[in-house]
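Structure, as C-alpha cells:
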Amino acid sequence: MDELAALLALVAAICFALAATLWQRASLSLGLSAGQPQAFVRLLGSGVWLLGLAAQTAGVLLQAAALDRGRVAIIQPLLVTAVVWAMPLGYFLTGQVITRRHVLGAVLVVAGLAVFASVGDPAAGVDDAPASDWAMAFLVLGAICVGLLLFSRRGGSDSKAAVFGAVAGILYGISATLMKPVLENLHAEGAVAVLESWELWVMAIGGLVGFYIQQLSLATGKLVTSVATVSVVNPVVSVLLGALVLQERLDRDPPWHAVVAVGALAVALLGAVVAASASEDDTTSEAAQPAPA
C-alpha cells in the first residue's frame with residue numbers, strides 16, 4: 001500500500017469527522033430537526049456550519065489526492081476511521097455521551113484497519129468502465145436509496161439517523177468511485193475532456209445530494225450513529241463498485257494476504273456497526289427536562 005495515499009485518506013477521515021461534528025452543532029444550536037429539510041437554508045448563515053463546510057471541502061480534496069495514488073478498494077475503507085475521530089470531537093463540541101460500546105467499536109475499527117492497511121494490496125483494476133456497466137450499478141443503488149428514504153418515515157431519531165446516513169453513504173460511495181476515472185481522465189486528456197465527460201457531473205450530483213441528506217441525518221442529534229453509518233456504507237459501496245465495475249481485487253500472493261485483509265476489513269466494519277448501534281443519550285433533550293421536585 002502507498003503510505004502517502006494511506007496517510008492522506010486518514011487525514012481526510014479526520015476532516016470528514018470534524019465537518020460532521022460542526023454541522024451537527026450548527027443544527028442543534030438552531031433547533032433544526034430531520035423533519036425540517038426546508039430549514040437547511042438557515043444553516044447557510046451559520047459560521048459554525050460554514051466552518052464545517054470548509055473541513056468537508058478539505059477532506060474531499062485529500063480523498064481525491066489519495067485516490068489519485070491508490071485504488072478505491074484500498075483507500076475508501078480507511079475512511080471508516082471517521083467514526084473514531086467523531087467520538088472525541090462530539091464529546092467536546094456537541095456534548096455527545098460516549099459509552100463503552102462506542103469505545104469497543106472504535107477499538108475494533110482501529111485494529112481491523114491496522115491489519116488491513118498492512119496486508120491489503122491492490123493487484124489489478126481498470127481506470128474506467130463502459131457506461132452500461134455503470135448504469136446497471138446506478139439503477140440498483142438508486143432503487144435501494146428510494147426504498148431507504150421511504151422507510152425513513154418510520155422509527156425514532158436513531159432510525160432516521162441510520163437511514164439517512166445510509167443513503168448519504170451510498171451516494172458518497174458512488175461519487176468517490178467515479179472520482180477515480182475523473183482523475184485519470186484529467187491526467188490523460190485534460191480539463192476540457194473532464195468537463196465534457198458524464199462521470200464528472202454524476203460525481204458532482206451524487207456528492208451534493210449525499211451532502212444534503214447527511215445534513216438531515218446529523219439534524220437528528222445522533223452524531224456517532226450518523227457518522228458510523230455513512231462511514232460504513234460509503235466504503236462498502238466503493239469496494240463493491242471497485243470490484244464489480246473497475247475489476248479491482250486484492251493481491252493473492254501469498255494467498256493468505258487476501259484472506260487476512262478481507263477478515264480485517266470485516267472486523268473494522270463490525271466495529272463501526274457496533275458504534276452505530278450503541279445508544280446515544282441526547283444531552284440536549286435531557287437539559288430540557290424539568291428537574292424533579
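The values are calculated or read from the model by the stated rules, or taken from the named source; none is laboratory data. All of these numbers come straight from a predicted model, not from anything done at the bench. Note: ideal-geometry Cβ built from the backbone for every residue, glycine included; neighbour counts use all protein chains shown.
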> Given the residues 269, 240, 250, which is the only one that is hydrophobic (A, V, I, L, M, F, W, C) and modelled with pLDDT under 75?
Replying inline: 250
> Does residue 46 satisfy the criteria of being modelled with pLDDT under 90, more than 30 Å from residue 185 (Cβ to Cβ) and buried (at least 16 other Cβ atoms within 10 Å of the Cβ)?
Replying inline: yes
>> I need the full set of residues from the range 178-230 which are of a type in the set (S, T, N, Q), in contact (Cβ under 8 Å) with a residue 60 or more places away in the chain and either surrounded by fewer than 18 Cβ atoms within 10 Å (Cβ to Cβ) or assigned to a helix (DSSP H, G or I) (or both), in order please.
In response: 214, 215, 217, 225, 226, 229
> Looking at (1) at pLDDT 85 or above; (2) more than 13 Å from the chain's Cα centre (by Cα); (3) of a type in the set (A, V, I, L, M, F, W, C), can you tell me which one residue 275 breaks?
Replying inline: (1)
>> Kindly evaluate residue 233 against the criterion of being over 15 Å from residue 174 (Cβ atoms), part of a helix (DSSP H, G or I), among the β-branched types (Val, Ile, Thr) and within 12 Å of the chain's Cα centre (by Cα).
In response: no
> Among 167, 119, 103, 109, which is the only one that is of a type in the set (Val, Ile, Thr) and without any contact (Cβ under 8 Å) to a residue 24 or more places away in the chain?
Replying inline: 103
> If we scan the range 88-111, do we find a residue that is modelled with pLDDT under 80, surrounded by fewer than 15 Cβ atoms within 10 Å (Cβ to Cβ), under 25 Å from residue 262 (Cβ atoms) and among the small types (Gly, Ala, Ser)?
Replying inline: no
>> Going by what's in this entry, would residue 65 be described as at pLDDT 75 or above, under 22 Å from residue 228 (Cα atoms) and part of a helix (DSSP H, G or I)?
In response: no
> Any idea which of (1) more than 20 Å from residue 273 (Cβ to Cβ); (2) in a helix (DSSP H, G or I) is the one residue 129 doesn't satisfy?
Replying inline: (2)
> In the range 150-173, what residues are assigned to a helix (DSSP H, G or I) and basic (Lys, Arg)?
Replying inline: 160
>> Here's a check for you: in the range 237-265, which residue that is crowded, with 19+ Cβ neighbours inside 10 Å and part of a helix (DSSP H, G or I) is farthest from the chain's Cα centre (by Cα)?
In response: 261
